[in-house]
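Data first, discussion second: the structure below is written as structure tokens.
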Amino acid sequence: METEKLKDVADFATKIETAQQFNILKPHRYGKDSFSAELQFGGYNHLVLSIMDILKVCIVALDAQEDLAPQFHSASNISSVLDIALQLMPMEESQVLDDCFQLHLKLKKLNEVNSQ
């Protein structure tokens, strides 16, 4: 009986070792015990709309907690979701958006000066 269990464990370990199914989590470049998963978006607009949806769901969840019994409050879950939204925010790209806006204002002003 023990020999059969050990064989089953060994077979399972071999399957785990050679498994092709563990594809979602990739080792994170900054952490030894940290992993990352890729999300795909159709562009920055889709990304921002997705972040807005996450925030809206959290707002609704927080509002709903007022009507729930204390044992059903899930602030830690909402906090985790908000952390994901924060990580998704395209902070570096927002500087490019500011630069585009400044260029827009400059070009608009030049156009007004040239049309006078």
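The values are calculated or read from the model by the stated rules, or taken from the named source; none is laboratory data. Since the model is a prediction, treat every value here as computed from it, not as a measurement. Every residue, glycine among them, receives a Cβ derived from its backbone with ideal geometry; neighbour counts consider all protein chains shown.
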### Task
Considering every residue within the stretch 48-56, establish whether at least one is surrounded by 13 or more Cβ atoms within 10 Å (Cβ to Cβ), at pLDDT 85 or above and in contact with a Phe, Trp or Tyr (Cβ under 8 Å, 6 or more places away or on another chain).
yes
### Query
What are the residues in the stretch 37-74 that are assigned to a helix (DSSP H, G or I), among the small types (Gly, Ala, Ser) and free of Cβ contacts under 8 Å to residues at least 12 places away in the same chain, if any?
Ala64
### Query
So which residues in the stretch 65-79 are loosely packed, with under 12 Cβ neighbours inside 10 Å and among the small types (Gly, Ala, Ser), if there are any at all?
Ala69, Ala75, Ser76, Ser79
### Message
Pairs please, first residue from the stretch 1-27 and part of a loop (DSSP other than H, G, I, E, B), second anywhere and surrounded by fewer than 10 Cβ atoms within 10 Å (Cβ to Cβ), Cβ atoms under 6 Å, 6+ apart in sequence or on different chains.
### Response
Ile24/Ala37; Leu25/Ala37
#### Entry: Scope the stretch 68-114; condition at pLDDT below 85, small (Gly, Ala, Ser) and over 16 Å from Asn45 (Cα atoms); matching residues
Ala69, Ser74, Ala75, Ser76
### Task
Among the numbered conditions (1) under 17 Å from the mean Cα position of the chain (by Cα); (2) modelled with pLDDT of 85 or more; (3) surrounded by 11 or more Cβ atoms within 10 Å (Cβ to Cβ), tell me where Leu39 comes up short.
(3)
